[in-house]
Amino acid sequence: MSQNFNPVGWFELYVDDMARAKQFYEAVFQRPLADLPTWPGNDTQMAVFAMDMNATGAAGALVKSPTIKPTPGSTTVYFSCLDCATEAARAAAAGGKVLQARMPIGEYGFIAMVQDTEGNTIGLHSRQ
């Protein structure tokens with residue numbers, strides 16, 4: 001396998017309340033999430049972010065699991081944005097918290113950090 005690829009191919013954000021989490025992420029990123037069907041004997045619920053398998057970047061889902069719970073301070077997923085300050089403001093308006101307002105990261109652009117309604121910390125990244 002070639003090493004000419006981005007290292008993240010999929011992400012999962014664990015949630016306690018799927019409806020609340022979906023409402024939060026749909027409000028922040030203004031794109032729908034689609035529920036995946038569950039299979040017999042599995043209580044895990046998943047809602048996937050809209051994805052294009054031919055586009056760059058990682059796809060992922062919100063996951064409500066009976067065994068894995070959201071915890072602050074674990075892995076941070078950074079979402080690509082046109083201007084991360086916009087999504088940070090939307091996060092606050094949707095019931096989340098801005099942990100770090102938009103700040104420069106040199107030649108790599110800007111980031112902001114927010115906490116979602118489930119307690120997960122997510123990053124927002126933009127080039128401008």
Spin-label point model (7 Å from Cα, Cβ direction): what's the SER80 to ALA50 distance in nm?
1.5 nm
With all protein chains present and a 1.4 Å probe, how do LEU36, LEU99 order by accessible area, largest first?
LEU99, LEU36
Share of accessible surface on carbon and sulfur in the chain, whole %, 1.4 Å probe and ligands ignored, is 53 percent
Average Cα contact separation per residue, the chain, under 8 Å, 6 or more apart, as relative contact order %:
25 percent
Determine the order of ILE105, ILE122, ILE111 by accessible area, beginning with the largest, at a probe radius of 1.4 Å.
ILE105, ILE111, ILE122
What's the center-to-center distance, using Cα atoms, between region 41-66 and region 75-128 in Å?
20 Å
Give the angle, between 0 and 90 degrees and rounded to the nearest 10, that separates the Cα long axis of helix 18-29 from the longest principal axis of the Cα atoms of the chain.
30 degrees
The chain, helix-only ellipticity at 222 nm - DSSP H runs n ≥ 4, -39,500 (n - 2.57), divided by all residues, nearest 500:
-5000 deg cm²/dmol
Expressed as a percent, the portion of alpha-carbon pairs in the chain spaced more than 20 Å apart is 46 percent
Whenever you get a sec, line up TRP39, TRP10 from highest to lowest accessible area (probe 1.4 Å, protein heavy atoms).
TRP39, TRP10
Send over a whole-number figure in Å² for the accessible area per residue of the chain, probe 1.4 Å.
62 Å²
Helix 84-93 vs. the chain, principal-axis angle (Cα, 0 to 90°, nearest 10)
50 degrees
Calculated FRET value between ALA101 and ALA58, using beta carbons and R₀ = 30 Å, to 0.05:
0.75
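The values are calculated or read from the model by the stated rules, or taken from the named source; none is laboratory data. Keep in mind the model is a prediction, meaning the values are calculated, not measured. All Cβ positions, even for glycine, are placed from backbone atoms using ideal geometry, and neighbour counts span all protein chains on display. For accessibility, only protein heavy atoms count, side chains too; no ligands or nucleic acids. Shrake-Rupley method; radii C 1.70, N 1.55, O 1.52, S 1.80 Å.
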